[in-house]
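Asks: Can you keep this structure in mind? I'll have questions shortly.
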Amino acid sequence: MVLAKLSLQTCGMAAAVATAAADISFTVPRHAHNMHSTANRIIVLGGHIVVNDVNVTLAPDVARGQNIITSSVSAMDYGTGQTADLPVTPFDATYNPLNSWGAACGYDARTQYIQCFGGQLNGGSSTFNILSTFDTTTMKWIRSAKFPEVSGRAQLAGAVLGSSFYLYGGDDGQVSADLLRIDLTTYTLTRINASGTSPSGRKDHCIAALSDTKFVMHAGVQGNNSTGVNSVHIYDTQSNTWTDITPDNSTSSRPTPSPRYGTGCTVLNGSFYSFGGRGGVSYNDLWVLEPPNWTWRLLSPQDAIRSNVPSWRYYAPLVTFGKYLITHGGLNVGSTTAVIPNVLKSVADDTRLYFFNTETGVWVSSNDVLSDPWFKALPASNPKGGGEGGVNIGAIAGGVAAGVVLIVAVVGGIMFVRKRNARYLGGGKADAAGGPQPLEGLHIPEMNDVGSGRKLEVPEYDSANL
């Protein structure tokens, strides 16, 4: 029910579920990965354990852990807190989107698909210009599309707004200032020339959807600036305009996040949250940027390492989950024991999920979340119940009262499909133009719709809570 942290030595099987009276954790640590709140579970995919495979000799545990990352996705079921590594095969035999880090992924609530673009090959220098689609109801990759009109790139960011996937920046040999739009019905890509105060070229930044027509972009590395920036921009798809909303420190006495990159960010009820990152040092502070004046408030301070508070880290995503914010993984996590001795700054080694309650303004334990009536009332099983390609984590873990259970899942063979054209690699019937047919009649409520629906009043950080 509640999960124990597994040693990477236990990760050689096809699927793993852990149950014990401990923190909710995934079996494999990682950084530069993607995490999403979907209709019925938290899903983590892709990423990396070691920064530089060339300069670090891989320990067997790390090699096994990296194999788990590239062959499965990690998931946490709502309602129970059970987690598992679920085996996933690539859609196209020539490209495995899980075997990369620094990709931009966005969740499309209309279709329950996760769309992922770009990324860099783990252990290599190749970057990708491929969009891959992951169906969260069947836990399968269902199509891939290549866009030769743009270069491969990693360390970019993006968000799904309506039926479009917007992407900004990245590293394709140089820091990019490209604003791209991929139409998710026609699978066409457009390079956008926007008006307003445009951000500089950026990598290792973060983007979060503010509405169906706007996204927020924060932090990142611009050009050769290795310490990062703290700028904040909003892009409006309807007016095709950038707006710089970076608070002016010269006219305000309110504190602001220091320049950084590799932050995790998300939006909840119209407010923008930013966690961690690196800017010469690694951070574990949590901030909220609130409308209408877009001023920062510090919710959890730097260096406050106490119960349930994540340590310093960067390349750790942040997602909303009802009234909670969740982060997981990241680099430079400040642990006293590393997966590989003496290379702590090069290895991700924290598997735990950390929860911040935006109603109480504190980081809380896994047990606090599991005992929350709101959480227990959430649907825990896949809509397809495992019977039509769906996967029910509860069914995998059912009947286990304590300890760690490893379950070997039977994985189907890789389906090879013939490419219909140079872009569309399969996944359904092609339309007259060679692309996939539009998806129609699907409406799934946004994850942020779950819960009270009211504006959350987030308490400001109070040193008395230390």
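Asks: At 1.4 Å probe size, with every protein chain present, just tell me what the per residue accessible area of the stretch 253-327 comes to in Å². Write down the numbers at each step before the final one.
Replies: Values: 2110 Å² over 75 residues.
Computed with neighbouring chains in place, this is 28 Å² per residue.
Asks: I would also like to ask the following. Distance in nm between label sites at ASN240 and THR94, each 7 Å beyond Cα in the beta-carbon direction?
Replies: Computed distance between label sites ASN240 and THR94 equals 3.4 nm.
Asks: For the stretch 149-157, in order, what is each residue's ³J(HN,Hα) by Karplus, 6.51 cos²θ - 1.76 cosθ + 1.60 with θ = phi - 60°, in whole Hz (x at glycine and Pro)?
Replies: 6, 10, 6, x, 7, 9, 6, 9, 9
Asks: Kindly identify the stretch 184-228 as rounded, prolate or oblate by the Cα gyration tensor criterion: order the square roots of the eigenvalues as a ≥ b ≥ c, call it rounded if a/c is under 1.5, otherwise compare a/b with b/c, prolate if a/b is larger, else oblate. Please list the in-between numbers first.
Replies: Details: a/c = 1.95, a/b = 1.71, b/c = 1.14.
Prolate, since a/c reaches 1.5 and a/b exceeds b/c.
Asks: Right, another one. Please list the non-local residues whose amide H lies under 5 Å from the amide H of LEU353, H modeled 1.01 Å from N, same-chain partners needing a gap of 5 or more.
Replies: So LEU353 has HN proximity to ILE24, SER25, PHE26.
Asks: Rounded to the nearest 0.05, what FRET efficiency do THR186 and LEU370 have when you use their Cβ-Cβ distance and R0 = 35 Å? Present the calculation step by step, with values, prior to reporting the outcome.
Replies: Values: r = 43 Å, r/R0 = 1.23.
Efficiency, from the Cβ-Cβ distance: 0.20.
Asks: OK, next. For GLN82, list long-range residues whose amide hydrogen, built 1.01 Å from N in the peptide plane, is under 5 Å from its own amide hydrogen.
Replies: For GLN82, the qualifying residues are ASP77.
Asks: Now for a different question. How do SER71, SER365 stack up against each other in accessible area, from largest to smallest, with a 1.4 angstrom probe? Each step should come with its number before you reach the end.
Replies: Working: SER71 45, SER365 25 Å².
Result, largest first: SER71, SER365.
Asks: Just to be sure I understand the model, the point goes 7 Å from the Cα along the line to the Cβ. What's the resulting SER163 to ALA63 distance in nm?
Replies: That separation, rounded to one decimal, is 4.8 nm.
Asks: Let me check I have the definition right: for the stretch 120-211, take the eigenvalues of the Cα gyration tensor, multiply each by 5, take square roots. What are those semi-axes in whole Å, largest first? Display every interim value, and only then the final one.
Replies: On the way: eigenvalues 89, 66, 33 Å².
Each semi-axis is √(5λ); the values are 21, 18, 13 Å.
Asks: Label GLU290 and SER195 with points 7 Å out from Cα along Cα→Cβ: what is the distance between them in nm?
Replies: 3.3 nm
Asks: Follow-up question, since we're still on this one. Please list, ordered by chain and number, the residues whose modelled amide H lies under 5 Å from the amide H of VAL73; skip anything fewer than 5 residues away on the same chain.
Replies: LEU86, VAL88
The values are calculated or read from the model by the stated rules, or taken from the named source; none is laboratory data. Note that this is a predicted model, so its numbers are computed, not measured. Neighbour counts run over all protein chains shown; Cβ positions are idealised from the backbone, glycine included. The protein model used for the area step is the full one, side chains on, heavy atoms only, and it has no ligands, DNA or RNA in it. Shrake-Rupley method; radii C 1.70, N 1.55, O 1.52, S 1.80 Å.
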